[in-house]
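Notes for the one structure printed next.
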Amino acid sequence: MGFPKGRRRIVVAVAALLVTTAVAATVYRVLAPAEVSTPARAAYPAPAEPSAGVVGRLPVAPLIVDGRLRVYAAPRQVYADQPVDNRNRRTPYWSYRRWPAQVSGVVAEGTTALSRWSDGRLVALDARTGAVAWQVDGPEPAEGWTARRTGADAVWDPPGLFPARDAEGRALFVVTGPDRVVAVAAADGRRLWSVAVDGGCRSDVGSTAAGQFVVVDRCAEPAVVEFRDLATGRSTSRWQPPGATAELTVTPVGCAEHRARCRGLRTVGRPAGPAQGWLVGEGSPVSAPALDPVGAELDGERVVVVTDGAVTGRSLRTGEESWRRADLPPGRLVAVQPGLVHLLTDENDLITLNPSTGAVRSRFPLMAGRDGVGWAAGRAYAQAGYVAVERLKEPVAPEADDSRYFLTPEAVILAAT
């Protein structure tokens with residue numbers, strides 16, 4: 001016996017409806033916007049005290065937070081591991097995921113790790129626990145995930161995302177988009193100010209130690225450097241360095257962190273033109289010839305530069321040479337952090353110097369396992385006494401895929417200095 005014809009049609013229709021509903025539910029679960037936060041279950045680690053030398057190698061670039069954690073970025077995830085001096089990447093200490101948005105960048109201020117996403121969402125995580133501290137909407141970035149396999153561009157130089165402090169020392173984040181600049185308080189995400197801009201002809205430079213945000217404005221020719229007060233968002237001055245053209249470039253120097261709380265600028269008015277160094281404060285920039293050489297680094301009142309086969313330390317104010325090291329192998333300064341400058345030699349030895357005296361703090365081959373030192377340095381990063389460097393295959397092929405571009409799957413080498 002079977003169902004009568006009419007009832008059979010009803011059963012088939014109901015079955016089809018149930019199948020369609022189940023498929024729709026599955027698709028929704030897979031594709032619907034989602035947020036997954038997995039907080040830490042272990043205790044917050046104590047500060048590490050590693051001996052000077054190579055710590056280990058990692059497949060992705062770390063952001064060192066509070067001297068205790070390594071924070072990483074992936075296309076749809078921000079996560080951390082610990083301890084900071086572990087030889088390899090470990091199971092996440094905490095993790096935060098979103099879907100379908102992509103990570104644009106991650107920065108840290110104290111123990112707050114701020115992630116920016118392709119839909120404009122700003123999500124602040126308490127690095128000690130991984131819990132969401134606050135989240136607000138900000139300007140959407142021009143693009144989502146743009147970093148290569150190591151994620152270095154997302155954590156060491158995130159586009160349009162800057163930690164900063166105003167003139168009163170209050171911590172904040174500046175976030176720039178194609179048509180808007182926004183500042184939010186680091187403590188709670190409260191919007192401090194928002195300014196409409198023409199992002200198509202403006203380039204971010206960074207924040208200054210005097211509480212300003214700096215951009216190069218090419219909307220009118222020749223280009224000018226604009227200073228904006230971090231507390232109010234108000235444009236306080238527009239300055240044109242000598243020889244400025246529409247191709248003006250400005251590099252921050254003497255920064256507490258990458259492009260954050262910087263004390264100086266280096267300007268180049270036109271391609272292949274002479275560079276000029278400047279100190280920045282509350283008034284107009286002041287000429288600082290000691291900062292003119294490309295690659296010169298600033299720490300306190302001392303400028304360190306590699307020139308004429310020697311590493312020298314000079315007075316910021318007078319340019320007078322205070323020390324010279326002609327006994328070190330040829331190389332270049334790859335990173336600086338308060339009280340430390342890092343020289344990478346042509347043979348890939350890492351030499352860390354005291355910028356005030358030129359004394360060598362540590363020196364060792366930047367080599368992990370059997371990888372050797374036959375590689376070229378990519379991006380480099382320094383924080384809390386650590387230095388991390390991307391290792392690239394020689395000859396360097398920027399347009400090659402990641403398997404050809406990077407030395408090994410664990411392309412980032414981490415060292416304690």
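Residue check: E410 meets all listed conditions (1) touching a residue at least 24 places away in the same chain (Cβ under 8 Å); (2) outside any loop (DSSP other than H, G, I, E, B); (3) out of contact with any Asp or Glu (no Cβ under 6 Å at 6 or more places or on another chain); (4) open to solvent by 50 Å² or more (accessible area, probe 1.4 Å) but one, namely (2).
The set of residues in the stretch 150-191 that are open to solvent by 60 Å² or more (accessible area, probe 1.4 Å) and touching a Leu at 6+ places or on another chain (Cβ under 8 Å) comprises R165, A167.
Which residues, counting only those in the stretch 352-389, are part of a loop (DSSP other than H, G, I, E, B) and closer than 18 Å to A48 by Cβ? Show your work before the answer.
Within the stretch 352-389, the first condition is being part of a loop (DSSP other than H, G, I, E, B), and the residues that meet it are 354-359, 366-375, 384-385.
Selection gives A368, A384, G385.
The set of residues in the stretch 322-333 that are of a type in the set (A, V, I, L, M) and either open to solvent by 30 Å² or more (accessible area, probe 1.4 Å) or on the phi > 0 side of the Ramachandran plot (or both) contains only A326.
All of G309, G300, G281, G319 fail the test of being touching a residue at least 60 places away in the same chain (Cβ under 8 Å) and either surrounded by fewer than 15 Cβ atoms within 10 Å (Cβ to Cβ) or more than 23 Å from the chain's Cα centre (by Cα) (or both), apart from G281.
Just one of the listed residues (G206, G254) is more than 12 Å from F162 (Cβ to Cβ) and buried (at least 20 other Cβ atoms within 10 Å of the Cβ), and it is G254. Please go through the stretch 109-118 and give me each residue that is over 13 Å from V175 (Cα atoms) and open to solvent by 10 Å² or more (accessible area, probe 1.4 Å), ordered by number. E109, G110, T111, T112, listed by residue number. Each residue in the stretch 284-297 was checked for being within 24 Å of the chain's Cα centre (by Cα), within 15 Å of V250 (Cβ to Cβ) and surrounded by fewer than 18 Cβ atoms within 10 Å (Cβ to Cβ), and 1 of them qualify. Note on the stretch 83-101: residues that are more than 28 Å from V55 (Cβ to Cβ) and open to solvent by 60 Å² or more (accessible area, probe 1.4 Å) total 2. Applying the condition of being closer than 26 Å to F173 by Cβ and in a loop (DSSP other than H, G, I, E, B) to the stretch 224-245 and asking which residue is nearest to the chain's Cα centre (by Cα) yields L230.
Against the list (1) without any contact (Cβ under 8 Å) to a residue 60 or more places away in the chain; (2) outside any loop (DSSP other than H, G, I, E, B); (3) surrounded by 16 or more Cβ atoms within 10 Å (Cβ to Cβ), the condition S194 fails is (3).
The values are calculated or read from the model by the stated rules, or taken from the named source; none is laboratory data. Note that the coordinates shown come from a computational prediction; the quantities given were computed from them, not determined experimentally. Virtual Cβ from ideal backbone geometry, glycine too; neighbours counted across all protein chains shown. Keep in mind that these areas ignore ligands, DNA and RNA; they rest on the heavy atoms of the full protein, side chains included. Shrake-Rupley method; radii C 1.70, N 1.55, O 1.52, S 1.80 Å.
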